[in-house]
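Beneath this line is the structure, given in structure tokens, with notes to follow.
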Amino acid sequence: MTMDPVVFRTLLSQLKKKFDGMKIIGDAFFLNQMNQTNMENEQDVEELNQLWDTYEAFYNDYIDLVQTTLPMEDLAPPQSRELDAYCNEVMDHCATMRKSVQPFVDRFQKNQQTRLGFIFSSDNSYPFFQSHNPVTSEDPGCQNTTQNTLH
């Protein structure tokens, strides 16, 4: 038995409205926390990663709620395609947020891998550091773990 189109439309509209409100608040909170995170502080970055895990879990839980409220087996093909497209849209938004976070996490991890840690800028552009005999990681004789040395 398929779901009545009016019931489907009403439930989907309510779910979208609820999610849009939560998304605005959640995104603003997460981006604010990200902007306040000191990427040179391991504890701050760990807290940001934990916040991201919570944020991502929220998206997954929301998709579960949508699929529980509107089970695919109760939907006609046009409705199931619309619901599937909506769920993909929600997860695409989550992926877009992840792309916003990843450069910050990558920068932190890069800084942690250098011997001099936090004193490097994101592009190692401090004027008193200069590349000296750059060695690629593919070089089997590579013993230098940093790409910059003091002169």
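Only one entry in MET97, MET39 is under 28 Å from LYS16 (Cβ atoms) and either modelled with pLDDT under 85 or touching a strand residue (DSSP E or B) at 6+ places or on another chain (Cβ under 6 Å) (or both), namely MET97. Can you spot a residue in region 16-33 that is among the aliphatic types (A, V, I, L, M), in a helix (DSSP H, G or I) and in contact with a helix residue (DSSP H, G or I) (Cβ under 7 Å, 6 or more places away or on another chain)? No, every residue in region 16-33 fails to be among the aliphatic types (A, V, I, L, M), in a helix (DSSP H, G or I) and in contact with a helix residue (DSSP H, G or I) (Cβ under 7 Å, 6 or more places away or on another chain). The set of residues in region 22-48 that are in contact (Cβ under 8 Å) with a residue 60 or more places away in the chain and exposed (fewer than 12 other Cβ atoms within 10 Å of the Cβ) is empty.
Take THR68 and tell me if it is of a type in the set (S, T, N, Q) and either in contact with a Pro (Cβ under 7 Å, 6 or more places away or on another chain) or more than 24 Å from ARG107 (Cβ to Cβ) (or both). Working first, answer last.
Numbers: of a type in the set (S, T, N, Q): yes; either in contact with a Pro (Cβ under 7 Å, 6 or more places away or on another chain) or more than 24 Å from ARG107 (Cβ to Cβ) (or both): yes.
Considered against the rule, which asks whether it is of a type in the set (S, T, N, Q) and either in contact with a Pro (Cβ under 7 Å, 6 or more places away or on another chain) or more than 24 Å from ARG107 (Cβ to Cβ) (or both), THR68 comes out as yes.
The values are calculated or read from the model by the stated rules, or taken from the named source; none is laboratory data. Being a predicted model, the structure only gives us computed values, none of them experimental. Backbone-built Cβ (ideal geometry, glycine too); neighbour counts: all protein chains shown.
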